[in-house]
Number of protein chains: 2
Amino acid sequence: MRDFDIDRIDGGAGVDAGKAVVITDGVAVPGFVMSFARNSEVYGEEEAAGFVYRVVSGVVRTVHMLSDGRRQVAAFHYAGEVFGLEAGELHRLCAEAVTDCRIAVVHRAALDRAAREDGAAARELWALAVRDLQRLQDHLLLLSRKGAVERVAGFLAEMVERTHAEDGVDLPMSRSDIADYLGLTIETVSRSFTQLERDGVIGLSGARRVALRNRDALADCAA
Amino acid sequence: MRDFDIDRIDGGAGVDAGKAVVITDGVAVPGFVMSFARNSEVYGEEEAAGFVYRVVSGVVRTVHMLSDGRRQVAAFHYAGEVFGLEAGELHRLCAEAVTDCRIAVVHRAALDRAAREDGAAARELWALAVRDLQRLQDHLLLLSRKGAVERVAGFLAEMVERTHAEDGVDLPMSRSDIADYLGLTIETVSRSFTQLERDGVIGLSGARRVALRNRDALADCAA
DNA sequence: CGTCCCCTTGAGTTATTTCAACACTCGTGG
DNA sequence: CCACGAGTGTTGAAATAACTCAAGGGGACG
């Protein structure tokens, strides 16, 4: 199955040493942009980690599968975010397109070289890794000590913050993705949404559009 | 309360620009070593993150507290491990001594300088951060999708691996620490230990000494 | 010897999961 | 245009895993 396309970035003015792709504000290295269809795989678990990725448009999830079918969504990545940066030689998670996506791809070696030659670039990459670390720590707290409604409220609060939403959020991911992100079942996620709606915290217009009725109450529910 | 002591490291040969403290194999910067009593605080939540720490001896835990008293142990740190490395200006967790500890302390600024001047040092620090990230990802999986016995077995497996234990492990931390690390109650942790013992996976000689009866079975239980 | 702290065990309760049924949306094809 | 089916989300009822509350055991230390 070929569910992606290489979509060479148009060079623009003055880019010659390969097509330049921006990875963070201060880091641009040769690379290209690819399109991925909804639910297609960007890279697989245990695959060689030769590339690093940045979401140009769309949303990506990183996923862990257990042998018995239990699934865990480790993170969602929005436009502008970098993923696939690994310590070892292999990807420890698999990455999939939640929506149709355009994704910038660069050689890891090129990024390593940029980091070695440019201190500022190295620090930006460092900052990226540490931000991931802190998101993960927050998520850990959510998973270890919070109830179902708190988790869902926390998830919504995170999405509101990350998309800089004012009056409502679109959720591109399915209930199943949310459940596997929060360590719940889809039924429990669904019930928590309904409860938040009953409590006047949110409004639902279709499963994937959430209106913010009371942001303070949402923050409270997230505890 | 003064529950720590500054224990100047003896300079050794040729160290002159301040006492040198090793942070990782390739990174040594000026610093000092302090002693902390069991259960004393190394640094507090929301405190300025001006220092970085390395465990010389003993075990340290990093902890998150929720307003309503719920507690989460984010990680345990053994001898040789670095903690307290933050992205922002403040510590997001608090660090406490699980046992009496000796801890090497360096100025964060000194470490930043070392990283800026020495590419190899920067890469070692990067590796540290990424290793933390991966531990955290594994822990996330454990918390989101595993049952009580699986969590406890996973915890034991982690401790066995990290202490390079052959026939058994000493657990310096209390049941309460383990519970807050695994997102369970002390009662459930206790029951899970008993069940692993009944199933012939481990042996218990006192609450804090675990004998490995069947490593394969332990790995199975951890799933 | 007694006290304190930590750990274990039991019994009843609660939150979440499981299983099952049904509703809605969206293409496709008659 | 409507019928159909697949995919996705909601809801209810029963089952279960973990939690809470309560009591008791055992070691360390004064």
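The values are calculated or read from the model by the stated rules, or taken from the named source; none is laboratory data. Everything numeric here is computed off the predicted structure, so don't read it as measured data. Here Cβ is always computed from backbone atoms with ideal geometry, including for glycine, and neighbour counts include all displayed protein chains.
Data for the structure
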{"quantity": "So residue B:205, is it in contact with a strand residue (DSSP E or B) (Cβ under 9 Å, 6 or more places away or on another chain), within 14 Å of chain A (Cβ to nearest Cβ), within 12 Å of DNA strand C (Cβ to nearest atom) and among the polar types (S, T, N, Q)", "calculated": "no"}
{"quantity": "Condition met for residue B:109 (away from every other protein chain (no Cβ under 13 Å) and over 30 Å from residue B:160 (Cα atoms))", "calculated": "yes"}
{"quantity": "Number of the exception - residue B:177 against (1) within 14 Å of chain A (Cβ to nearest Cβ); (2) of a type in the set (Asp, Glu); (3) more than 16 Å from DNA strand D (Cβ to nearest atom)", "calculated": "(3)"}
{"quantity": "Selection from the range A:187-201 of residues that are away from every other protein chain (no Cβ under 14 Å) and either over 25 Å from residue A:74 (Cβ atoms) or near DNA strand D (Cβ under 8 Å from one of its atoms) (or both)", "calculated": "A:187, A:190, A:191, A:193, A:194, A:195, A:197, A:198, A:199, A:200, A:201"}
{"quantity": "Strands (runs of 3 or more DSSP E) enclosed by the range A:92-199 - at least 2 residues per element that are over 17 Å from residue A:62 (Cα atoms)", "calculated": "A:101-107, A:168-170"}
{"quantity": "From A:55, A:73, residue being surrounded by 15 or more Cβ atoms within 10 Å (Cβ to Cβ), touching an Asp or Glu at 6+ places or on another chain (Cβ under 8 Å), assigned to a strand (DSSP E or B) and within 14 Å of chain B (Cβ to nearest Cβ)", "calculated": "A:73"}
{"quantity": "Members of the range A:147-171 found to be within 16 Å of residue A:78 (Cβ to Cβ) and within 14 Å of DNA strand C (Cβ to nearest atom), listed by number", "calculated": "A:155, A:170"}
{"quantity": "Residue among B:166, B:150, B:158 that alone is more than 16 Å from DNA strand D (Cβ to nearest atom), at pLDDT 95 or above and of a type in the set (D, E, K, R)", "calculated": "B:158"}
{"quantity": "Condition broken by residue A:39, with the remaining ones in (1) outside any loop (DSSP other than H, G, I, E, B); (2) at pLDDT 75 or above satisfied", "calculated": "(1)"}
{"quantity": "Residue match in the range B:210-222 (condition: within 13 Å of DNA strand C (Cβ to nearest atom), more than 23 Å from the chain's Cα centre (by Cα) and surrounded by fewer than 22 Cβ atoms within 10 Å (Cβ to Cβ))", "calculated": "no"}
{"quantity": "Filter result for the condition that a residue is closer than 22 Å to residue B:70 by Cβ, among the polar types (S, T, N, Q) and surrounded by fewer than 17 Cβ atoms within 10 Å (Cβ to Cβ), over B:185, B:194", "calculated": "B:185"}
{"quantity": "Qualifying residue in the range A:112-119 (condition: away from chain B (no Cβ under 14 Å) and farther than 25 Å from residue B:223 by Cα)", "calculated": "no"}
{"quantity": "Checking residue A:126 against (1) more than 15 Å from the chain's Cα centre (by Cα); (2) within 14 Å of another protein chain (Cβ to nearest Cβ); (3) within 12 Å of DNA strand C (Cβ to nearest atom), the condition it does not meet", "calculated": "(3)"}
{"quantity": "Residue satisfying condition, being in contact (Cβ under 8 Å) with a residue 60 or more places away in the chain and more than 10 Å from the chain's Cα centre (by Cα), within set A:104, A:75, A:87", "calculated": "A:104"}
{"quantity": "When residues of the range A:17-30 are limited to those that are closer than 21 Å to residue A:119 by Cα and touching a Lys or Arg at 6+ places or on another chain (Cβ under 7 Å), the one modelled with the lowest pLDDT", "calculated": "A:23"}
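Table: residues versus (1) touching a residue at least 60 places away in the same chain (Cβ under 8 Å); (2) within 17 Å of residue A:41 (Cα to Cα); (3) surrounded by fewer than 18 Cβ atoms within 10 Å (Cβ to Cβ).
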| residue | (1), (2), (3) |
| --- | --- |
| A:83 | no, yes, no |
| A:96 | no, yes, no |
| A:112 | no, no, yes |
| A:117 | no, no, yes |
| A:138 | no, no, yes |
| A:167 | no, no, yes |
| A:174 | no, yes, yes |
| A:181 | yes, no, no |
